[in-house]
DNA sequence: GGGTCATTGTGAAATCCGTAACAGATGGCC
DNA sequence: GGCCATCTGTTACGGATTTCACAATGACCC
Ligand SMILES: NC(=O)c1ccc[n+]([C@@H]2O[C@H](COP(=O)([O-])OP(=O)(O)OC[C@H]3O[C@@H](n4cnc5c(N)ncnc54)[C@H](O)[C@@H]3O)[C@@H](O)[C@H]2O)c1
Ligand SMILES: NC(=O)c1ccc[n+]([C@@H]2O[C@H](COP(=O)([O-])OP(=O)(O)OC[C@H]3O[C@@H](n4cnc5c(N)ncnc54)[C@H](O)[C@@H]3O)[C@@H](O)[C@H]2O)c1
């Protein structure tokens with residue numbers, strides 16, 4: 001139905017939702033696009049435009065009802081239900097992810113974790129037991145799983161992505177420093193702090209006429 | 001000098017550099033924009049256009065010299081030197097960052113780590129000793145530091161960002177789930193897996209006509 | 001050394017996205 | 001109840017980014 005919404009817009013909605021949740025916590029009941037924009041370093045026009053793709057949520061002369069808009073955004077993004085997630089790769093990063101308390105309150109439940117290292121299979125982590133990655137396919141097929149998190153070394157990552165895709169996973173959060181290939185219809189987000197730093201250095205350098 | 005290069009372009013350059021490094025490791029000496037594009041899911045025209053902002057690096061009929069282009073990109077991005085980084089917040093995530101082996105080989109050296117918890121001050125982590133965050137300003141002023149990594153709870157993050165900025169830091173990698181405010185001239189990149197997942201759910205939902 | 005083929009670099013066209021601006025609606029006030 | 005100040009929703013515009021398409025160039029071969 002709504003098939004022409006720019007991806008940049010979709011990527012901003014969770015940011016709006018997060019700010020609205022903070023405002024709600026702070027006891028605010030109404031917010032204007034101007035005030036929300038100040039909070040997020042976004043122009044008010046952009047916020048209004050973004051929201052207008054989905055409907056009319058505000059009241060002229062007043063602004064948006066914080067709880068109301070938050071509820072609508074959550075609905076639009078599909079955050080009004082819980083999502084089942086598997087984690088593949090339980091090294092240092094994978095452990096931090098498995099034990100991170102920030103996912104569950106947002107509706108993302110890590111229902112199983114996998115690793116190829118037989119030594120670690122069976123060990124408990126973040127409420128689950130580590131399973132062997134050979135059992136990944138079987139698990140995915142018998143349990144409904146929505147999202148896969150990849151936290152294996154770069155060299156193993158494409159193989160893991162392929163397995164997740166073959167088993168029907170629709171969305172992948174990739175922490176490995178590589179660009180995964182997925183068929184059309186699978187959504188990927190990459191998290192790579194090194195790339196983030198490597199783009200920042202360009203700007204630092206620009207501002208440093210000395211040095212070099 | 002070169003002041004009108006779109007930020008999206010700058011953000012793609014490290015991705016190109018990473019792929020070129022992989023190609024170099026694989027023994028490839030030449031690559032075409034087509035081949036590189038296939039690797040990265042980017043159109044060849046985009047690659048050529050991006051590179052053309054900085055000069056002419058290829059040879060018609062042949063493509064780009066892998067080592068040569070990599071060297072030029074590293075130079076453009078400022079990756080031909082080492083960068084000094086401080087980490088603030090040594091909780092679970094901060095520890096994983098401090099001990100992550102992926103930064104140093106790319107030229108990012110974590111020269112000091114800070115936390116506000118007096119219990120943990122003095123403990124060794126990733127080659128450094130944890131310092132108290134009260135000493136952050138003094139350290140930054142006496143040691144040249146280029147980049148700050150923020151890994152504290154959201155409620156403390158703006159305060160930490162402010163301190164880093166006041167001490168002259170030019171670039172901040174923020175892991176806290178909030179939008180930091182910084183003056184013009186300071187570069188920020190945010191890393192937030194929850195936001196990443198929250199935008200993916202939109203697309204999963206789109207594809208699931210059932211459910212809901 | 002000329003012909004062929006592949007591939008770059010780049011203006012021009014097309015598309016995408018953000019901003020501006022304002023008509024219209026709403027609440028508050030007297 | 002009418003007036004005023006405020007703020008939304010939306011359209012139109014302009015700028016930014018991507019894609020297109022092709023002339024120019026270099027490598028290779030015979
Ligand atoms: N540690 C960090 O802070 C950090 C930060 C950013 C990115 N990363 C990236 O995340 C990935 C993991 O990092 P790490 O530090 O946890 O590495 P790690 O070596 O500690 O852990 C990798 C884990 O993956 C498992 N594994 C390997 N191949 C597998 C396969 N085919 N199937 C299932 N499991 C497999 C290994 O047994 C190991 O437990 C790497 O790609 C790394 O570059 C890590
Ligand atoms: N753990 C993860 O995988 C993960 C993933 C994504 C984002 N995050 C975010 O990263 C941040 C840190 O997460 P965590 O799990 O490590 O939390 P944590 O509570 O384990 O660690 C936070 C650390 O920050 C320190 N701290 C608090 N206030 C400080 C201040 N003003 N100055 C210096 N240090 C201070 C605390 O003493 C503690 O050691 C949070 O904002 C979290 O939402 C964590």
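All of the numbers you see were taken from the coordinates with simple rules; none came from a lab. These figures come from a predicted structure and were not determined experimentally. Neighbour counts run over all protein chains shown; Cβ positions are idealised from the backbone, glycine included.
Of B:160, B:194, B:86, which has the largest mean-square fluctuation in a 10 Å C-alpha GNM of chain B? Highest fluctuation of the listed residues: B:194. If you build a Gaussian network model of chain B, linking Cα atoms that sit under 10 Å apart, which residue out of B:42, B:145, B:113 swings the most? Its mean-square fluctuation being the largest, the pick is B:42. On full extension, the segment bounded by residue B:28 and residue B:67 gains 13.1 nm, given 0.36 nm per residue less the C-alpha separation.
Principal-axis analysis of the Cα atoms of chain A puts helix A:66-77 at an angle of about 40° to the longest axis.
Per the helix-only calculation at 222 nm, which mean residue ellipticity applies to chain B, given -39500 (n - 2.57) for every DSSP H run of n ≥ 4 and division by its residues, nearest 500 deg cm²/dmol?
On the way: 8 runs with 91 residues, N = 212.
Computed mean residue ellipticity for chain B: -13000 deg cm²/dmol.
Placing a pseudo-label 7 Å from each Cα along the Cα-to-Cβ vector at residue A:11 and residue B:120 gives an inter-label distance of 3.0 nm. The angle between the Cα long axis of helix B:154-166 and the longest principal axis of the Cα atoms of chain B comes to about 80 degrees, rounded to the nearest 10.
With respect to chain A, whose longest principal axis is taken over its alpha-carbon atoms, helix A:7-25 is tilted by about 70°.
Over the Cα atoms of the stretch B:2-77, each weighted equally, I'd like the Debye log10 I(q)/I(0) at q = 0.14, 0.15 Å⁻¹, rounded to two decimals. Debye curve over Cα of the stretch B:2-77, log10 I(q)/I(0) at q = 0.14, 0.15 Å⁻¹: -0.38, -0.44.
Using a ≥ b ≥ c from the Cα gyration tensor of the stretch B:83-195 (square roots of the eigenvalues), is it rounded, prolate or oblate, where a/c under 1.5 gives rounded and otherwise the larger of a/b and b/c decides, a/b for prolate? Numbers along the way, then the final one.
Working: a/c = 1.23, a/b = 1.17, b/c = 1.05.
Rounded, because the longest to shortest axis ratio a/c is under 1.5.
Provide, for q = 0.08, 0.11, 0.13 Å⁻¹, the log10 of I(q)/I(0) from a solvent-free Debye sum over equal Cα point scatterers in the protein assembly as shown. With no solvent term, the Cα-only Debye profile gives -0.49, -0.96, -1.36. Would you tell me the mean number of C-beta atoms belonging to other protein chains that fall within 10 Å of each C-beta in A:80-93, as a whole number? Shielding by partners across A:80-93 averages 2.
For chain A, relative contact order (Cα pairs under 8 Å, six or more residues apart, normalised by length) works out to 13 percent. The gain in end-to-end length when the residue A:206 to residue A:159 segment is fully stretched comes to 13.0 nm, 0.36 nm per residue minus the alpha carbon separation.
What the pair-distance distribution of chain A shows, using all Cα-Cα distances binned every 10 Å from zero, is 7, 27, 28, 24, 13, 2, 0 percent.
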